[in-house]
Amino acid sequence: QVQLVESGGDLVQPGGSLRLACAASVSPGDYYIIGWFRQAPGKEREGVACLSSVDIVIRYGESVKGQFTISRDNAKSTFYLQMNNLKTEDTGVYYCAAETGTTGACSVRDAWVYDSWGRGTQVTVSS
């Protein structure tokens, strides 16, 4: 199982930006997929972005496409979620998820493909 620690969550005003980080216990040569998910009170978990190490394939949830960007620092085994033009509906707990040993595509639709999860970091967008 991959150890994951999220950081960077904060209170931010609408229109602001925030960058989340996920420190992961993976190595540069590993095969893995990384996903970012979020959950707001009263709502179901929603996939927002994911990355596959093979060919660095990236996918985004439709609700955040063009607004969020996922990236990685391979040497540091750290994954980022850059969030721009934040809106109140972006409020929620953001989770980093991982699955290792795979060469398949990542998913922002099926959370069950990930077997490792961080504890999450709170993002609050409010004026």
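If R0 is 22 Å, the Cβ-Cβ spacing of ALA40 and THR103 corresponds to a FRET efficiency of close to 0.10.
The Cα-based radius of gyration of region 86-127, divided by its Kirkwood radius, gives an Rg/Rh of 1.10.
At a probe radius of 1.4 angstrom, the accessible area of the chain per residue rounds to 52 square angstrom. Of the solvent-accessible surface of the chain, computed with a 1.4 Å probe over protein heavy atoms with every protein chain present, carbon and sulfur atoms account for 44 percent. Remark on the chain: hydrodynamic radius 14.3 angstrom, per the Kirkwood mean of 1/r across alpha carbon pairs. Taking the Cα centre of the chain as reference, the dipole from Cβ charges on Lys and Arg (+1) and Asp and Glu (-1) amounts to some 200 debye. Counted residue by residue at 0.36 nm each, then reduced by the alpha carbon distance between them, the extension gain from ALA75 to VAL54 reaches 6.0 nm.
The values are calculated or read from the model by the stated rules, or taken from the named source; none is laboratory data. Every value quoted in this text rests on a predicted model; they were computed, and no experiment measured them. Neighbour counts are summed over all protein chains in view; Cβ atoms, including those assigned to glycine, are modelled from backbone coordinates with ideal geometry. What goes into the accessible areas is simple: the full protein's heavy atoms, side chains included, and nothing from ligands, DNA or RNA. Shrake-Rupley method; radii C 1.70, N 1.55, O 1.52, S 1.80 Å.
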